[in-house]
1. Can you give me the three principal axis dimensions of segment 1-60 from its C-alpha atoms, in Å, biggest first?
2. List the aspartates and glutamates whose Cα sits under 13 Å from the Cα of LYS43, skipping any in the same chain fewer than 8 residues away.
3. Can you compute the equivalent ellipsoid semi-axes for the chain, i.e. the square root of 5 times each eigenvalue of the Cα gyration tensor, sorted largest first and rounded to whole Å?
4. For segment 1-78, what does the relative contact order come out to in percent, with C-alpha contacts under 8 Å and a separation of six or more?
5. Please work out the Cα center distance from segment 1-33 to segment 63-114, rounded to the nearest Å.
6. Full-extension gain between GLN39 and ARG103, please, as 0.36 nm times their residue separation minus the C-alpha to C-alpha distance.
7. Give the lysines reachable from LYS64 as a straight Cα distance under 19 Å; neighbours fewer than 8 places away on the same chain don't count.
8. Taking all protein chains in place and a 1.4 Å probe, what share, in percent, of the accessible surface of the chain do carbon and sulfur account for?
Amino acid sequence: QVQLVESGGGLVQPGGSLRLSCAASGIIFRITPLAWYRQAPGKQRESVASISGGGTTNYADSVKGRFTISKDNSKSTVYLQMNSLKPEDTAVYYCNRPSALLRWGQGTHVTVSS
């Protein structure tokens, strides 16, 4: 059974950092491209970062230079290191497979506020 479980969100001040984790099961993790998405209140879900099976990464312009996506094949987990956080990064963050979306997990809430 395919399952994506996100964690690591929380409340952080502007300029702070968080590391999100997404544990995946039911997929061949090491070859599966994965991405982090976010959905802010009243907005559509958007992709912010992706990583291929081989480790090639891509980022949305809005997070480039601040966010880093990585993965640990031994743990079937993909990470999103978020630095220099801004209030506009406030959203629910999800991971998924961009090539063919899986059932969405519950997401993890990130709130950037002073």
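1. So the extents along the principal axes, rounded to whole Å, are 36, 24, 24.
2. GLU88, ASP89
3. Values: eigenvalues 100, 40, 32 Å².
Sorted largest first and rounded, they come to 22, 14, 13 Å.
4. Numbers: 114 pairs, mean separation 19.8, N = 78.
Relative contact order here is 25 percent.
5. 6
6. 21.5 nm
7. Within the straight-line cut-off, LYS64 pairs with LYS86.
8. Values: 2820 of 5980 Å².
Whole-percent figure for carbon plus sulfur exposure: 47.
The values are calculated or read from the model by the stated rules, or taken from the named source; none is laboratory data. Everything numeric here is computed off the predicted structure, so don't read it as measured data. FYI the Cβ positions are ideal-geometry reconstructions off the backbone, even for glycines, and counts take in every protein chain you see. SASA here: full protein model, heavy atoms, side chains in, ligands and nucleic acids out. Shrake-Rupley method; radii C 1.70, N 1.55, O 1.52, S 1.80 Å.
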